[in-house]
Amino acid sequence: MQIDIWSDIACPWCYIGKRRLETALADHPHRDDIQVTWHSYQLDPSLPEHYEGTEADYLASRKGMPVEQVREMFGHVAEQAAGEGLAYDFDRLVVANSARAHELLHLAKERGLGDEVKEALLSGHFEHGLDIGDVDALARVGADAGLDEGEVRAALADGRYKAAVASDIDMARQIGVTGVPFVVVDMKYAVSGAQPPELFREVVDKALAERTPAVQVVQSGDVCGPDGC
């Protein structure tokens, strides 16, 4: 079964949602038959490669909110993240355009390392102050995950995965994605937001059950059973 997820590296709820989905699938009896595929989405494609200011400054300006209110919002999100074992550090966070990081993800996906690179980018961005717009930083992430550093640099230089990123974003538009994370199970059921593990599990089980529908008895007659005929 296929699970497709649209998310942005610059989305704090996307990392929380990733953890909650992983919890939902961790002990699932059909986990080995479930494939998770990450798709690109950008919350703010207009961002420059680097923003000269803090995350609080950026969001206050973008949302028209007082900085103190933004910091209160950070506290709530960080608390939710901590509940999933994540240590968000919004003071260290580097505000940057996520386009190059998405290109790296497409290369990683082709090499079978999509999950590893997705995790490294999200953790780096929200927990360790990684600059996701910097080629050197992205090359290190790729190399640490097992990609060839030279290939990473070449792919980011020639933009060979820009079309793939654009295709993901266009597909998101076609299916009506307006926010992330956006999880689509078996291209049939969509779950919007970082929902609790129980809800993710319920949707996955529903989709699996519908793949092998129960046999319905339409007529019953004389039969033999273990206790006789």
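Taking the range 161-204, which chymotrypsin sites (Phe, Trp or Tyr not before Pro) meet the DSSP loop condition and have no more than 16 other C-beta atoms within 10 Å? Can you show the working numbers first?
Working: sites: TYR161, PHE182, TYR189, PHE200; in loops: TYR161.
Sites meeting the loop and neighbour criteria: none at all.
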Within the range 127-172, DSSP-loop trypsin sites (Lys or Arg not before Pro) with at most 10 other C-beta atoms within 10 Å are none
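I'd like the FRET efficiency for MET65 and VAL135, computed as 1/(1 + (r/R0)^6) with the beta carbon distance as r and R0 of 30 Å, rounded to 0.05.
Working: r = 32 Å, r/R0 = 1.07.
So, using R0 = 30 Å, E works out to roughly 0.40.
Decide, for the range 2-211, between rounded, prolate and oblate: order the square roots of the alpha carbon gyration tensor eigenvalues as a ≥ b ≥ c, take rounded if a/c falls under 1.5, and otherwise choose prolate if a/b is larger than b/c, else oblate.
Working: a/c = 1.62, a/b = 1.17, b/c = 1.38.
Taking the square roots of the gyration eigenvalues as a ≥ b ≥ c, the range 2-211 is oblate.
Roughly what % of DSSP beta bridges within the chain run antiparallel, to the nearest 5? Don't skip to the answer; put the middle values down first.
Details: 10 of 16 bridges.
Bridges in the chain are about 60 percent antiparallel.
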For VAL36, other-chain or 5+-apart residues with amide H closer than 5 Å (H placed, Pro excluded) are ILE3
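Taking the solvent-accessible surface of protein heavy atoms with a 1.4 Å probe, what is the per residue accessible area of the range 2-211 in Å²?
Values: 9960 Å² over 210 residues.
Accessible surface, normalised per residue, equals 47 Å².
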Rounded to the nearest Å, the spacing of the alpha-carbon centers of the range 166-202 and the range 14-29 is 14
With 0.36 nm assigned to each residue of separation and the Cα-Cα distance removed, ASP158 to HIS30 gains 42.1 nm
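So, R0 is 45 Å and r is the distance between the beta-carbons of GLU210 and GLU52; what FRET efficiency does that work out to, to 0.05? Kindly include the intermediate steps, with their values, before the conclusion.
Numbers: r = 51 Å, r/R0 = 1.13.
Efficiency for this residue pair is about 0.35.
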Length gained if HIS128 through GLU72 is fully extended, taking 0.36 nm per residue and subtracting the Cα-Cα distance, is 18.1 nm
Connecting every pair of Cα atoms under 10 Å apart in the chain and solving the GNM, the largest mean-square fluctuation among SER98, SER192, SER40 falls on SER192
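What longest range of the chain stays clear of loop-exposed GluC sites (Glu not before Pro) (DSSP non-H/G/I/E/B, at most 15 other C-beta within 10 angstrom)? Display every interim value, and only then the final one.
On the way: sites that count: GLU49, GLU52.
Maximal segment without exposed cleavage sites: 53-229.
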Expected field for MET171, accessible surface area in Å² at 1.4 Å probe radius, rounded to 10, holds 70
Residue by residue through the range 124-133, the couplings from Karplus 6.51 cos²θ - 1.76 cosθ + 1.60 with θ = phi - 60°, in Hz, x for Gly and Pro, are x, 5, 8, 10, 10, x, 5, 8, 6, x
For the pair ASP170 and ASP144, the simple spin-label estimate (label points 7 Å beyond Cα toward Cβ) gives in nm 3.4
Here the convex hull volume per residue of the range 62-143, taken over Cα atoms and given in Å³, is 97
Calculated from DSSP helices alone, with each H run of at least 4 adding -39500 (n - 2.57) and the total divided by the residues of the chain, [θ]222 nm to the nearest 500 comes to -16000 deg cm²/dmol
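The values are calculated or read from the model by the stated rules, or taken from the named source; none is laboratory data. Remember, it's a predicted structure, so these values are computed and weren't measured experimentally. Cβ coordinates were reconstructed from backbone atoms using ideal geometry, including for glycine residues, and neighbour counts include every protein chain displayed. Heavy atoms of the whole protein, side chains included, go into the accessibility calculation; ligands, DNA and RNA do not. Shrake-Rupley method; radii C 1.70, N 1.55, O 1.52, S 1.80 Å.
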